[in-house]
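The values are calculated or read from the model by the stated rules, or taken from the named source; none is laboratory data. Being a predicted model, the structure only gives us computed values, none of them experimental. Methodologically, a virtual Cβ is constructed for each residue, glycine included, from the backbone with ideal geometry; neighbour enumeration extends over all protein chains shown.
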Amino acid sequence: MSKKWIAVFTCIVLCLAIAAGCAQTAPAQTESSAPEESPSAGASAEAAVDIGEENRGGVTVTDLAGNEVTVEKADKIVSLTPAGTEIVCALGAAKQLVGIDANSDYPDIVQSIEVVGDFNGPDVEKVASLEPDVVLAGNSLQQEAIDQMKNLGITVVSVEATSFEDIPKAIELVGEILGAQDTAETVNGEIDAAVRLAEENRPAEEKTVYYAMSFGDQGNWTSGPGSFINTMIEMAGGKCVTADAEYPWIEYPVEDLMVANPDIILVDSSMGSTAEDLGNAQGYQDLDAVKNGSVYEVDANVLTRPGPRIAEALTMISEILNK
């Protein structure tokens, strides 16, 4: 199976897992090419400053799954999500990473770190062989692996945000584990600044927006209400055509998209898709956004990772809406 199709499959499985979780609570989450580094997150990640052994671990935290976890130390870290990996690096602890998931490709410093499976299939035996002090895990998609690791006595902390509001919490959480609270506060300050700037620069005329995570034979997958992507679009002054959908991640019928006829389409380019490809896809040719040249390629490696570079993603959306 090609990298492209593996990435698509991973995205779709992630969407289904999140949707399933929402379905349980409602009344009756790849990736290839490395994007441009932002001036802030990229610089701190590459620096990989050692935060000092005396500050690592020795804390009890409540993770994003609601579990209370005691982390005795954090000298050896395994990250099972790209966002978790980027948070660790942005907080200056890249040297403590001993294992990462297959989609963790940013920053460049992580290229030499051992891979322990992909997002939806962590290799528990390989993780255990690295003898980590703590594993930074994802959400319910990884629950089986999380349970297996816990049964082996491995300390696991779930740090994967699913909403925009949880992204700063994830960064604070990892900062607490690493004893890097001040750096976490700085990173979150950059996100706050991007939010303020986007809200200040909202276009005078509201534009309807659709995010094409995939299309055509790969399925018309997109973001829905409650997803951090929709939240960013709304913060920047856009109106998501999927605002009334049932789940945060959905497969959106082309027929519904034709009725919605968005002003702007954001298309994921991280797997090689282009605006031209989307314009040639069945059902897309007659959309106003295609006819008016308002289809913009965006890198999902930046847009869909709930970590430090979300500030860059929000700025990117804001700039597109203001064109």
Subject >> Hey, residue 125 surrounded by fewer than 17 Cβ atoms within 10 Å (Cβ to Cβ) and either outside the structural domain of residue 234 (by TED's automatic domain parsing) or out of contact with any Phe, Trp or Tyr (no Cβ under 8 Å at 6 or more places or on another chain) (or both) or not >> reply: yes
**OP:** Pick out the one residue from 216, 224 that is touching a Pro at 6+ places or on another chain (Cβ under 8 Å) and either within 19 Å of residue 286 (Cα to Cα) or in the same structural domain as residue 290 (by TED's automatic domain parsing) (or both).
**Re:** 224
**OP:** Scan 261, 280 and give me the residue that is farther than 27 Å from residue 107 by Cα and either touching an Asp or Glu at 6+ places or on another chain (Cβ under 7 Å) or of a type in the set (Ser, Thr, Tyr) (or both).
**Re:** 261
Original post:
Here are some residues: 131, 86, 125. Which one is of a type in the set (Asp, Glu) and touching a Gly at 6+ places or on another chain (Cβ under 9 Å)?
Top reply: 86
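Conditions (1) surrounded by fewer than 16 Cβ atoms within 10 Å (Cβ to Cβ); (2) at pLDDT 95 or above, marked per residue:
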site	(1), (2)
143	yes, no
147	yes, yes
154	no, yes
158	no, yes
168	no, yes
179	no, yes
183	no, yes
Original post:
under 14 Å from residue 101 (Cα atoms) and assigned by TED's automatic domain parsing to the domain that holds residue 99, is that true of residue 133?
Top reply: no
Original post:
Would you call residue 209 crowded, with 23+ Cβ neighbours inside 10 Å, within 16 Å of residue 320 (Cα to Cα) and in contact with a strand residue (DSSP E or B) (Cβ under 8 Å, 6 or more places away or on another chain)?
Top reply: yes
Original post:
Of the conditions (1) of a type in the set (A, V, I, L, M, F, W, C); (2) surrounded by fewer than 22 Cβ atoms within 10 Å (Cβ to Cβ); (3) at pLDDT 95 or above, residue 51 fails just one. Which one is it?
Top reply: (3)
Original post:
Would it be correct to say that residue 243 is buried (at least 24 other Cβ atoms within 10 Å of the Cβ) and out of contact with any strand residue (DSSP E or B) (no Cβ under 8 Å at 6 or more places or on another chain)?
Top reply: no
Subject >> Matching residues in the range 279-323 - criterion: being under 21 Å from the mean Cα position of the chain (by Cα) and at positive phi >> reply: none
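Yes/no matrix, rows are residues, columns are (1) part of a helix (DSSP H, G or I); (2) outside the structural domain of residue 161 (by TED's automatic domain parsing); (3) at pLDDT 95 or above:
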site: 250; (1), (2), (3): no, yes, yes
site: 262; (1), (2), (3): no, yes, yes
site: 283; (1), (2), (3): no, yes, no
site: 286; (1), (2), (3): no, yes, no
site: 289; (1), (2), (3): yes, yes, yes
site: 296; (1), (2), (3): no, yes, yes
Subject >> Only one of 188, 139, 120 that is farther than 22 Å from residue 58 by Cβ, surrounded by fewer than 23 Cβ atoms within 10 Å (Cβ to Cβ) and in contact with a Pro (Cβ under 9 Å, 6 or more places away or on another chain) >> reply: 188
